[in-house]
Amino acid sequence: LERVIESIDQAITLGLRPLKINCVVVRGVNDQEVIDFIEMTRTKFVDIRFIEYMPFDGNKWNKPKFVPYSELLDNIQSKYDVMKLPDDAHDTSKAYQVPGYVGQFGFITSMTNHFCGTCNRLRITADGNLKVCLFGNAEVSLRDLLRENVPDHQLLEIIGAAVKNKKKQHADNIEQLLAAKISWNKKKQTIMSSIQPTIFSPHCLYQLDKTFIQTRAFSSKSKKSECSNMSQNTTNSDTPTLSHVDPSSGRASMVNVSIKSPTIRTATASGKIRVGREAFDLIQANLMKKGDVLTVSQIAGINAAKQTGYLIPLCHNLLLSHVSVDLKLEQDYSIEIVAKVECEGRTGVEMEALTAVSIAALTVFDMCKSVSKNMVIENIKLLEKTGGKSGTWRSNETK
């Protein structure tokens with residue numbers, strides 16, 4: 001606490017104005033300290049903002065701990081003469097001051113006196129995501145859309161759709177929050193159909209939060225890099241052989257690919273994880289405690305593909321041109337996973353695609369196991385490979 005106070009004093013000394021200090025008031029936790037916060041404004045140039053305790057994913061909200069701002073203001077007025085300060089049309093805080101005190105205080109009344117209709121805040125995160133509501137846990141990835149070379153007028157449509165679908169107020173409880181998220185998920189096709197779909201890559205995933213569209217785009221054109229000159233050995237014999245077995249010793253051996261010519265190689269793999277209805281609903285509403293299951297699993301699959309050479313002993317360590325992992329919610333309470341890997345090199349990328357699917361499925365399992373351990377990972381398979389001496393191969397299911 002002493003170091004925090006020192007930091008506040010230093011910020012004041014440096015002339016930071018206004019210096020806002022947020023305080024979420026929770027009954028039985030810190031409601032008895034409200035007067036102490038008011039006293040901070042006596043000699044410190046600070047703006048204390050008392051925030052009503054709101055329900056959102058992960059904060060274990062319950063109504064008995066909620067303290068309305070009217071109760072807080074009554075308690076303050078019982079000890080001080082306070083005056084109301086003017087508020088801007090788009091302020092989120094109702095400002096007050098004790099006459100003679102250098103600082104001020106206010107209330108962010110998200111629960112009892114809604115201001116969402118006049119809030120004009122838009123935020124862009126460090127990784128390029130648009131947030132139209134501070135308490136929303138879904139985001140629009142402007143970075144990924146820009147990397148897709150989406151035209152400006154389409155960006156405006158997406159941003160406009162996000163802003164226009166803000167709710168007029170915060171949910172009153174967790175149940176309403178869940179219901180709102182599920183409702184918006186059902187509307188995603190309607191909203192996205194008003195935006196030209198052809199500008200997006202086939203690996204874009206759109207999900208709606210209760211207030212705005214959440215976009216996760218993984219372009220088939222983005223993040224391309226040069227590839228190493230490594231590939232897979234073949235045999236001139238017509239008799240099938242195990243490529244990772246040394247013919248002279250019979251022991252496992254890494255294939256020598258130095259004599260092969262580089263070609264464009266691709267591989268596509270798929271798999272499924274059955275999560276059950278309870279976990280499925282939480283994933284769909286993005287309410288799982290560990291976070292955004294689909295995005296985290298997608299990233300895990302991409303990272304796994306790049307690490308395949310370290311995970312599987314006899315695989316070559318490849319520098320991949322592109323990896324895409326697409327997770328799709330199915331009606332049977334499962335998640336279908338499809339991974340595609342590309343490389344220009346001397347060996348195929350089938351193992352990279354299969355590894356991406358496997359790790360993405362395992363990540364889903366890990367993030368959902370607190371809800372159910374009856375999940376089943378199944379049917380992980382190679383769908384297609386192209387390039388190399390053997391050319392194109394497709395499974396019977398895709399022919």
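Quick look at the values:
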{"read-out": "Some residue of the stretch 50-63 being at pLDDT below 95 and more than 30 Å from Val132 (Cβ to Cβ)", "value": "no"}
{"read-out": "Selection status of Val29, under 22 Å from Phe107 (Cβ atoms) and assigned to a loop (DSSP other than H, G, I, E, B)", "value": "yes"}
{"read-out": "Top-ranked residue of the stretch 10-30 - restricted to ones that are more than 19 Å from Ala95 (Cα to Cα) and among the β-branched types (Val, Ile, Thr), ranked as surrounded by the fewest Cβ atoms within 10 Å (Cβ to Cβ)", "value": "Thr13"}
{"read-out": "Count - residues of the stretch 276-335 that are β-branched (Val, Ile, Thr) and in contact with a Gly (Cβ under 6 Å, 6 or more places away or on another chain)", "value": "1"}
{"read-out": "Qualifying residue in the stretch 6-17 (condition: free of Cβ contacts under 8 Å to residues at least 40 places away in the same chain and within 31 Å of the chain's Cα centre (by Cα))", "value": "no"}
{"read-out": "The stretch 286-320, residues that are of a type in the set (Gly, Ala, Ser), surrounded by fewer than 21 Cβ atoms within 10 Å (Cβ to Cβ) and under 20 Å from Ile337 (Cα atoms)", "value": "Gly291, Ala300"}
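The values are calculated or read from the model by the stated rules, or taken from the named source; none is laboratory data. Every value quoted in this text rests on a predicted model; they were computed, and no experiment measured them. Positions of Cβ are generated from backbone atoms using ideal geometry, with glycine treated the same way; all protein chains shown enter the neighbour counts.
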